[in-house]
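K.L.:
One structure, as structure tokens, below. Some questions next.
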Amino acid sequence: MAEQTRKMAFICSKGDLDMAYPALIMGWAALGVGVDVTIFFTFWGLDLIRKSRVDNLQLAPVGNTSMRTGMMGFPFDIGIPQIVGVLPGMTAFATALMKGKMKKLDVPPVREMLEMLHDAGAKLYACKMTVDMAGLKKEDFLEVVDDIVTATDFIEMTEGAQIVFI
Amino acid sequence: MPVRTIGSLQVEVDGEGYLVNPQDWTPEIAKAFAQEEGIALTDRHWEVINFVRKFYEENGQSPTIRQITVGAGIPTKDLFKLFPGGPAKKVARIAGVPKPAGCI
């Protein structure tokens, strides 16, 4: 092929369940059409690749104005007062709801999606500065993580890539 | 739509080279399209192609990559090796079905 392979790099900076999926799904779609994919996990995004956190990511209803009754399966669609969101168990409820909806669409859990991305050739990196800040080590991360790299390394290895920050 | 001649067959293809009518597909077309993608078809490739054809006939739509890996029991790694440079598009083109509409 004469033309150069398109490259995309995703920066995952959030550790919430709903913020985990955008990069994973777009990255997977990109791999499917032959785009080279790199994902850099930084700050809270490290939770996506931490062994102890990956299966426990959550969706908090507090501060989320898009979480309305329609999403909960009610026939009417009105906002849910923020004060309801702070009640004990609401985060677990919202998390279970989202996981159920994803499962219905046959979207795999985050751990499995990361394995798929890795198997399909995506490069997965943890941000060194935040790894150090959180006092983490290589063994705290999933096997699919290629390496812990600095921001400079990431910038250099993604030369010419389209960068998506999440 | 442009018409292409493959062997003794004349088939309509779209701008990206996909078959316009999936029922026009024959194994010869698969071989010709695969060759254009730089792929020499092996039994393992045919396993994927046959699965995709069957899936399309049964569901009226093309399988996504995950539907292929799970449905045909082919590991992700293998599928990406069999059809390098984007299996979602390549498998569909070689199997003569439209591009998959799903994301996963």
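The values are calculated or read from the model by the stated rules, or taken from the named source; none is laboratory data. The structure presented is a predicted model; accordingly, all values stated were derived computationally and were not measured. So basically every Cβ, Gly included, is an ideal-geometry build from the backbone, and we count neighbours across all protein chains shown. Side chains included, ligands, DNA and RNA excluded: accessible areas come from the protein's heavy atoms. Shrake-Rupley method; radii C 1.70, N 1.55, O 1.52, S 1.80 Å.
K.L.:
What GluC sites (Glu not before Pro) in the range A:130-166 are in a loop by DSSP, with at most 12 other Cβ atoms within 10 Å of the Cβ? Display every interim value, and only then the final one.
P.N.:
Details: sites: A:E139, A:E143, A:E156, A:E159; in loops: A:E143, A:E159.
The qualifying sites are A:E143, A:E159.
K.L.:
Residue separation times 0.36 nm, minus the C-alpha to C-alpha distance between A:R6 and A:V84: what's the value? Before the final figure, lay out each step's value.
P.N.:
Numbers: separation 78, 0.36 × 78 = 28.08 nm, distance 4.55 nm.
Separation in residues times 0.36 nm, less the Cα-Cα distance, equals 23.5 nm.
K.L.:
Which residues, if any, in the range A:87-123 have at least 30 Å² less accessible area in the whole protein complex than in the isolated chain, probe 1.4 Å?
P.N.:
Hits at the 30 Å² cut-off: A:D106, A:M116, A:D119, A:A120.
K.L.:
Taking 0.36 nm per intervening residue step and subtracting the Cα-Cα distance, what contour gain separates B:N50 from B:V3 on full extension?
P.N.:
14.5 nm
K.L.:
Computed from the mean reciprocal separation of all distinct C-alpha pairs, what Kirkwood hydrodynamic radius does the range B:1-94 have, in Å?
P.N.:
Numbers: mean 1/r = 0.0738 Å⁻¹.
Taking every pair of different Cα atoms in the range B:1-94, averaging 1/r and inverting gives 13.6 Å.
K.L.:
Per residue of chain A, what 222 nm ellipticity follows from adding -39500 (n - 2.57) for every DSSP H run with n ≥ 4, rounded to the nearest 500? Could the numbers behind the result be given before it?
P.N.:
Values: 6 runs with 58 residues, N = 166.
-10000 deg cm²/dmol, from helical runs alone.
K.L.:
Can you pick out the pairs among A:K103/A:K137; A:K123/B:K90; B:K54/B:K90; A:K7/B:K31; A:K123/B:K54 whose Cα atoms lie more than 24 Å from each other? If you can, show how the numbers build up before the last one.
P.N.:
Numbers: A:K103/A:K137 31 Å; A:K123/B:K90 22 Å; B:K54/B:K90 17 Å; A:K7/B:K31 29 Å; A:K123/B:K54 33 Å.
Beyond 24 Å between Cα atoms: A:K103/A:K137; A:K7/B:K31; A:K123/B:K54.
K.L.:
What's the local net charge at A:P108, with K and R +1, D and E -1, over the other residues with C-beta under 15 Å away? Numbers along the way, then the final one.
P.N.:
Working: positive: A:K99, A:K101, A:K103, A:K104, A:R111, B:R66; negative: A:D55, A:D106, A:E112, A:E115, A:D119.
After counting each charged neighbour, the total is +1.
K.L.:
Of A:K51/B:K81; A:K14/A:K128; A:K138/B:K77, which pairs sit farther than 18 Å apart, going by alpha carbon to alpha carbon?
P.N.:
Exceeds cut-off: A:K51/B:K81; A:K138/B:K77.
K.L.:
Measure out, as a whole number of angstrom, how far apart the alpha-carbon centroids of the range A:86-146 and the range B:38-90 sit.
P.N.:
Centre-to-centre (Cα) distance: 27 Å.
K.L.:
Tell me which of B:G73, B:L41, B:G7 sits at the most positive position along the dipole axis of the range B:3-94, charges placed on C-beta atoms (Lys, Arg +1; Asp, Glu -1).
P.N.:
Toward the positive end, the furthest listed residue is B:G73.
K.L.:
Still on this structure, I have one more. Could you tell me, in Å, what Rg and Dmax come out for the Cα atoms of chain A?
P.N.:
In Å, with Rg to one decimal and Dmax whole: 17.4, 58.
K.L.:
While we're on this one: Using a probe of 1.4 angstrom, how much of the accessible area of chain B is carbon and sulfur, in percent?
P.N.:
Values: 2590 of 5210 Å².
Answer for chain B: carbon and sulfur cover 50 percent of the accessible area.
K.L.:
Further question on the same structure: Please report the buried accessible area for the interface of A with B, total over both chains, probe 1.4 Å, in Å² to the nearest 100.
P.N.:
Separately minus together, A and B give about 1200 Å² buried.
K.L.:
Please list, by residue number, every one of the trypsin sites (Lys or Arg not before Pro) in the range A:6-114 that is coil in DSSP and has at most 11 other beta-carbon atoms within 10 Å.
P.N.:
Numbers: sites: A:R6, A:K7, A:K14, A:R50, A:K51, A:R53, A:R68, A:K99, A:K101, A:K103, A:K104, A:R111; in loops: A:R6, A:K14, A:K51, A:R53.
Hits after loop and neighbour filter: nothing returned.
K.L.:
What does the charge dipole of the protein assembly as shown about its Cα centre add up to, to the nearest 20 debye, if the Cβ of each Lys and Arg holds +1 and the Cβ of each Asp and Glu holds -1?
P.N.:
Values: 28 positive and 32 negative charges, 105 e Å.
Here the protein assembly as shown has a charge dipole of around 500 debye.
K.L.:
Quote the FRET efficiency, to the nearest 0.05, computed for A:E139 versus B:Q10 with a Förster distance R0 of 41 Å and r equal to the Cβ-Cβ distance.
P.N.:
Working: r = 60 Å, r/R0 = 1.47.
In this case the efficiency is close to 0.10.
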